[in-house]
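The values are calculated or read from the model by the stated rules, or taken from the named source; none is laboratory data. The model shown is predicted, which means the values in this text are computed figures rather than measured ones. Note that each Cβ is placed from the backbone with ideal geometry, even for glycine, and that neighbours are counted across all protein chains shown. When the accessible area is computed, the model is the full protein with side chains, heavy atoms only, and any ligands, DNA or RNA have been set aside. Shrake-Rupley method; radii C 1.70, N 1.55, O 1.52, S 1.80 Å.
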Amino acid sequence: MRFVNFSSVLVYCMSLQAALGFEVEEHYVHQGAGANTLRIISTADAEVFNPIIEAFQTQYPSVTIDYTIASSTQLMQALFEEGAEFDLAISSAMDLQTKLANDGFVQTYRSEATDILPKWAKWRNQVFAFTQEPAVLVVSEDEFLDRPIPTTREDLITMLRDNQEAFSGRIGTYDVRKSGAGYLFATQDSRNTDSYWRLTEVMGRLNARLYRGSHEMIADVAAGRLALAYNVVGSYAQSQLADTPGIRIIEFDDYLSVMLRTALIPNTAKNPEGAGDMIDFLASLNMRADLTLKTNLPPINAQSLEDNSAARVIRLGPGLLVFLDHMTKETFLRSWENSIEQK
């Protein structure tokens, strides 16, 4: 577990891990003025989500926010396998959130705020998107002083093949066996272009380093341990950019996978009313430029996607369940392991 100090009052609960079967990364309590508690399980780091909690409590000062951070796979385990009691689940793994709803683990909710969301940003009035975040390439500027920065995946493949010594052991990407967001991005890449498997094979030959999350990849690029990191969550890269000079964020021109960070109300919720208030608050982030600036979380904005011809939104719906089928997932992971590990 990691502990991060914030200016607001946070109580770090060391005993939580022992009481739960799934793995907790961090746990905080943002104390409100009353006895009303909203329990949230989320994949969003506290540094990113804390401004949203503070703004929400300004509007609802009586509400205490109990905020548990877990990986997307652990969040799924908590709700799908253990029936853990949370009022709201927030995740970057759209496919796993969709499965929770599809398999009957989610309550229906509807409000004026959710009705305004574009059709592609919600599903069955159960899963609601509140951000649109691209998967980006993060590069060390020092490594590209004398070579062009790739703007397409074909450019990246060519550059890696032509500079194997420079990039061997210095490429970062997700371990898709352990990262729900990483698996989502990988499966969408495989749908969008045949070059994904060629790129994975090239990264494998160059001994790519595998990660569970974006923050570690970005930090290693900034520290010079990596020359580049592939499919990093763009909002995290933007958040860390101010504190980590020397890195550059590249949005590919061939296509740009755009993830939707989503929220849902589990069936185990004890405070569904409070969860609905938070969903409404999140659905209205496009009217809070101050929070966009503080969090670097891009709110839902259909026009900005229409203006970017390379943007391809990963749409909510049953299509996301294809790669969660047991046999399909097993086949995909076997192909990925053969490409990236090349044993």
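What to note about this one:
- With the largest listed first and rounded to whole Å, the semi-axes of the equivalent ellipsoid of the range 237-343 from the Cα gyration tensor are 29, 25, 16.
- Counting lysine pairs in the chain that sit 8 or more residues apart in sequence, or on different chains, and whose Cα atoms lie under 24 Å apart gives 9.
- With each label modelled as a point 7 angstrom along the Cα→C-beta vector, the Met287-Asp243 pair spans 3.2 nm.
- Using alpha-carbon coordinates, inclination of helix 272-283 to the longest axis of the chain, degrees: 40 degrees
- FRET efficiency for Thr328 and Asn125, using Cβ-Cβ distance with R0 set to 22 Å, rounded to 0.05: 0.20
- Å² of accessible area per residue within the chain, as computed with a 1.4 Å probe and no ligands counted: 42 Å²
- Helical runs assigned H by DSSP (4 residues or longer) give the chain a calculated mean residue ellipticity at 222 nm of -11000 deg cm²/dmol, each run adding -39500 (n - 2.57) before division by the residue total.
- Quotient of C-alpha Rg and 2.2 N^0.38 Å, computed over the range 90-233: 1.24
- Other residues within the sphere of radius under 12 Å centred on the Cβ of Phe252, judged by their own Cβ, net out at -4 (K and R +1, D and E -1).
- The chain: angle of helix 153-162 to the longest principal axis, Cα-based, in degrees nearest 10: 50 degrees
- Here the Karplus curve 6.51 cos²θ - 1.76 cosθ + 1.60, taken at θ = phi - 60°, turns the phi angles of the range 330-335 into couplings of 4, 5, 4, 5, 5, 5 Hz, with x standing for Gly and Pro.
- The HN-Hα couplings worked out from phi for the range 228-235 by the Karplus form 6.51 cos²θ - 1.76 cosθ + 1.60 (θ = phi - 60°) are 7, 9, 9, 6, 6, 5, x, 5 Hz, whole numbers, x standing for Gly and Pro.
- Solution diffusion estimate, µm²/s, Stokes-Einstein, the chain, Kirkwood Rh from C-alpha pairs, 20 °C, viscosity 1.002 mPa s: 104 µm²/s
- With both labels modelled 7 Å from their Cα along Cα-to-Cβ, the Asp194 to Glu216 distance reads 3.4 nm.
- Only Cα pairs under 8 Å and 6+ residues apart enter the sum, and on that basis the relative contact order of the chain stands at 24 percent.
- With R₀ set to 51 Å, the beta-carbon distance separating Thr152 from Glu85 gives a calculated FRET efficiency near 0.65.
- Antiparallel DSSP beta bridges within the chain, percent to nearest 5: 60 percent
- Rounded percent of accessible protein surface that carbon and sulfur make up, the chain, 1.4 Å probe: 48 percent
- Nearest-ten-degree value, helix 195-205 long axis tilted from longest Cα axis of the chain: 70 degrees
- Considering the range 176-232 at the alpha-carbon level, its Rg and Dmax are found to be 11.6, 33 Å.
- Label-point separation, Glu337 to Leu321 (7 Å along Cα→Cβ), nm: 2.7 nm
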